[in-house]
Amino acid sequence: MNTINSNLTKWSFASRIFHWISAILLLVTWVMIFLYGNLDDKFYIGLHKAFGISLLFWMIARVINRIFTKAPPAVAMPKWQILLSQLSHFFLYALLIAMPTAGLLMSVYGGRAVDIFGLFQIPVFVTPDRGLARLFNDWHTDILWPMIIAFTLIHIGAALYHQFIKKDNLIARMK
Ligand code: HEM
Ligand code: HEM
């Protein structure tokens, strides 16, 4: 094995499940809006919202889990890299909560209840307001989404850098 790092302490089982299910939910939520954009079938926007809300609940549970989880000690790297990784992880958490929240607010301010897989509905819990619906729509599509793409690409790029250039087996901590 081509590892030079003896620090193989892993993230807890719960943290690893939370991490990978979040990534899958993000991907599925995106696939649904992609299908909606291309097939223009209302079915997919419904699923987009339901998976997006699922991710919101998942992230809330993940943050609670994170508060009670002791992170494994950082792998050997310069201090600025540790700081940057912590900052970007914080942004990823914030974005994955802000994005579905903006989606939800866009819907309810638009006067539309949100159906969750036909199981239950999130009712219109605000007074509908076109201006606010538009504002949250802008945040959803023009601000938060590009930020999610950017931070996710940086994140995966950093993981690949550790795997193939530094070869410190960082990914094993999350596997
Ligand atoms: C993390 C979760 C979510 C992600 C990553 C996400 C991502 C996206 C993306 C990429 C678009 C397309 C933007 C474009 O047209 O360029 C979109 C549109 C949309 N999303 Fe989400 N979304 C999420 C959660 C939600 C939630 C929870 C709701 C509502 C409950 C929602 C409602 C909508 C609606 C209604 C549109 C269409 C907007 C329009 O066509 O003007 N999204 N979303
Ligand atoms: C191929 C895809 C991915 C790989 C290989 C990957 C890899 C990793 C690794 C190795 C860590 C732990 C870093 C450490 O131990 O210091 C981590 C943490 C994290 N990842 Fe990913 N990741 C991927 C996708 C994603 C996606 C799509 C998201 C969300 C957009 C995400 C969000 C996070 C967050 C928030 C953390 C910080 C965990 C914490 O400190 O609580 N990851 N990832």
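The values are calculated or read from the model by the stated rules, or taken from the named source; none is laboratory data. This is a predicted model, so every value here is computed, not measured. Please note: Cβ atoms are built from the backbone with ideal geometry, for glycine as well, and neighbour counts cover all protein chains shown.
Could you please give the count of residues in the stretch 100-140 that are surrounded by 15 or more Cβ atoms within 10 Å (Cβ to Cβ), within 15 Å of Ala50 (Cα to Cα) and among the small types (Gly, Ala, Ser)?
Total meeting the criteria: 3.
Can you tell me which of (1) under 20 Å from the mean Cα position of the chain (by Cα); (2) within 9 Å of ligand 1 (Cβ to nearest atom); (3) touching a residue at least 60 places away in the same chain (Cβ under 8 Å) is the one Thr101 doesn't meet?
Going through the list (1) under 20 Å from the mean Cα position of the chain (by Cα); (2) within 9 Å of ligand 1 (Cβ to nearest atom); (3) touching a residue at least 60 places away in the same chain (Cβ under 8 Å), Thr101 breaks only (3).
Give me the residue from the stretch 1-28 that is among the small types (Gly, Ala, Ser) and either at pLDDT below 95 or more than 9 Å from ligand 2 (Cβ to nearest atom) (or both) and, out of that set, farthest from the chain's Cα centre (by Cα).
Restricting to residues being among the small types (Gly, Ala, Ser) and either at pLDDT below 95 or more than 9 Å from ligand 2 (Cβ to nearest atom) (or both), the top hit is Ser6.
Only one of Ile148, Ile143 is on the phi < 0 side of the Ramachandran plot, buried (at least 16 other Cβ atoms within 10 Å of the Cβ), among the β-branched types (Val, Ile, Thr) and within 18 Å of the chain's Cα centre (by Cα); which?
Checking each option against the conditions leaves just Ile148.
Among the numbered criteria (1) touching a residue at least 24 places away in the same chain (Cβ under 8 Å); (2) in a helix (DSSP H, G or I), which single criterion is violated by Gly131?
All conditions are met except number (1).
Listed residues Ile116, Ile148; which is within 16 Å of Ile33 (Cβ to Cβ) and in contact (Cβ under 8 Å) with a residue 60 or more places away in the chain?
Selected residue: Ile148, the only one of Ile116, Ile148 that is within 16 Å of Ile33 (Cβ to Cβ) and in contact (Cβ under 8 Å) with a residue 60 or more places away in the chain.
Hey, does the stretch 65-87 have a residue that's within 25 Å of Phe136 (Cβ to Cβ), out of contact with any Asp or Glu (no Cβ under 9 Å at 6 or more places or on another chain) and within 13 Å of ligand 2 (Cβ to nearest atom)?
No, the conditions are met nowhere in the stretch 65-87.
Spot the failing condition for Leu104; the list is (1) within 12 Å of ligand 2 (Cβ to nearest atom); (2) in contact with a strand residue (DSSP E or B) (Cβ under 8 Å, 6 or more places away or on another chain), and only one is missed.
(1)
Kindly indicate which of Ile154, Ile116 is at pLDDT 95 or above and away from ligand 1 (no atom under 16 Å from the Cβ).
Answer to the selection: Ile154.
Output the number of residues of the stretch 9-56 satisfying the condition of being within 22 Å of Thr101 (Cβ to Cβ) and either in contact with a His (Cβ under 7 Å, 6 or more places away or on another chain) or of a type in the set (Asp, Glu) (or both).
Matching residues across the stretch 9-56 total 4.
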